[in-house]
Amino acid sequence: METTSMTTFTTNELNICFNDDELWRNTSCYEMCIAGKAIPMNYYHFPPEELLDAFYKQHNYVLKFYLSPLVALLGILMNLSFLFVLARVRDMRTVTNVYLGNLAVADTMFLIASAVDLLRTWKSNTGLLLNHPYYTNAQCISFNLSIKLTFYGSVCMITLVEFERYMAVCHPLKHRMVSGKRYTITVTAVTWIVAVIMGTLGCLNTVKSSSWCFLWPPGLKEMAYVYIGDDRTVCGPLSPVWEAVSEWMQSAFFIANLCLNIVLYCCIIRRLGKRSVGGEENQERQRELQRVQNQVAKMLIINGVIFFTLMIPYEINTFVKFMWTVTWHLRGTKEATAIRNLEFYGTCLRFINSALNPVIYGLSNSRYRQAYRKAFGCTRKERKQPTSVDHKAAVPTVSTKT
């Protein structure tokens, strides 16, 4: 049912496509077809009931244009607030939080790009459930590159966070030897370079913009919940080979990181259960240190589990589309409907995923809650108590840090 390349039609080909020229004249994109700027798609003889699944139902419309923008807005605000906390509170500038900060950057980029896409889709809505409102190759590349880049960046950062916590819990001596400002900056830079390379290769799946013109069966527009247009724009791949490579690469990357994170989770949990407190003189301090470390480790595990759980439906859709690309004969109406719905709901879950991380930090860790209160000035009562003695005592503390 889908064509991914732009075609200029000859007069004979147009006559074949336009079996009833009078019907085609009633479409809003007839002139585009005649000019060779749109690909004619004749569904006139299809039963309308079979095509309705391709359009917005009421719950799809509410999710897409009411709830998703709200989630995107809240997610952008929460991720920016987390970055503000990292910048404002000096104690929060740890290696783990540097990686979490980069994850917040990736999530913010995704939410902003998706919010722009929602606005464009709403403005040029044709009723189709998965519509790409991009009319040039540059628009297709810019949007899809941002989506792919943030996907690979966020997956890399989640894995990097868990690996850092694994080293801190399971190999503390090695962790102290290699961790540092230069190491953290280098690893972060390399991770983003990998994400850029993978994202650039991945976006080759959707770089060519083409327009379609539909001839719908009688009665379809009256049966649909929303307005149904006659035209649609599609961002297609350079070739079917690139489509298969991009989808396989994304699926393999996600599965590899999922498996690696599961192994890291198991190692961290196992190590936390075997920890013991040292000598009696340092017992109280060690217990407090271990309590804080355990709390952070559990928070990151919860965050990682939720991240991959919410991403799985979207990636199942990617894997199935890869199987479709290499086995075209397996396509059918029922399969197309199932995958279309899976992609739609998977995208909605990605919105929630990108907005949820700062909430998890605050709910599962008291240290992060304290940092939020400190960053936003909610601890003013404690600042009203210092005396002249406290002021003098603070001087050597500041000079030591500097």
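Of the two radii for region 170-244, the radius of gyration is 1.39 times the Kirkwood radius, both from the alpha carbons; that is the Rg over Rh value. What nm distance separates the two modelled labels at Cys378 and His175, each placed 7 Å from Cα along Cα→Cβ? Taking the simple label geometry, Cys378 and His175 are separated by 2.8 nm. Residues whose amide H comes within less than 5 Å of that of Leu238, counting only those at least five positions distant or on another chain, are Val207 (H built at 1.01 Å from N in the peptide plane).
Spin-label model, Val241/Ile302: points 7 Å from Cα along the beta carbon direction are separated by 4.9 nm.
The slack in the chain from Arg291 to Arg90, taken as 0.36 nm per residue of separation less the alpha-carbon distance, amounts to 70.3 nm. In a fully extended conformation the segment linking Tyr345 and Ser81 would gain 92.3 nm over its present Cα-Cα distance, using 0.36 nm per residue.
Here, each number is a calculation from the coordinates, and none is a lab measurement. All figures in this text were calculated on a predicted structure; none of them were measured in a lab. Backbone-built Cβ (ideal geometry, glycine too); neighbour counts: all protein chains shown.
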